[in-house]
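The values are calculated or read from the model by the stated rules, or taken from the named source; none is laboratory data. Worth saying up front: this structure is predicted, and the values here are computed from it rather than measured. Using ideal geometry, Cβ is built from the backbone for each residue, glycine included, and neighbour counts are taken over all protein chains shown. These area figures cover heavy atoms from the full protein model, side chains too; ligands, DNA and RNA do not enter into them. Shrake-Rupley method; radii C 1.70, N 1.55, O 1.52, S 1.80 Å.
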Amino acid sequence: MPVIVTVVPEITAHILLSATGNPEHVAALAERASRMGLPWPITGVESNRGTLPESEEALYASLGLSYIPPELREGQGEIEAAAAG
């Protein structure tokens, strides 16, 4: 039987990212958010940016990072590379 999960819009991008990144990648993003003074998961209301990240791309951008595709979310330096552009 399939499992149906309902996710509130404020954390949809975060849930997608967490489901497609390995634990090291997700932990590094959470640490980056903490250093920036942002909550994890990041929502537009909590980050005082006016809009919530409606996509994974927007979520990475809120962390000052280029988008990292799911197949590269390994916790092997991809966050540092995204930060460098």
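Annotations
- Residue match in region 58-70 (condition: modelled with pLDDT of 90 or more and of a type in the set (Val, Ile, Thr)): yes
- Some residue of region 16-30 being in contact with a helix residue (DSSP H, G or I) (Cβ under 7 Å, 6 or more places away or on another chain), part of a helix (DSSP H, G or I), modelled with pLDDT under 90 and over 19 Å from GLY75 (Cα atoms): no
- When region 67-78 is filtered for residues that are open to solvent by 10 Å² or more (accessible area, probe 1.4 Å) and either farther than 20 Å from SER34 by Cβ or under 11 Å from the mean Cα position of the chain (by Cα) (or both), the ones remaining, listed by number, are TYR67, PRO69, PRO70, GLU71, LEU72, GLU74, GLN76.
- Residue satisfying all of: in region 42-56; within 23 Å of ALA81 (Cβ to Cβ) and surrounded by 15 or more Cβ atoms within 10 Å (Cβ to Cβ); modelled with the lowest pLDDT among these: ILE42
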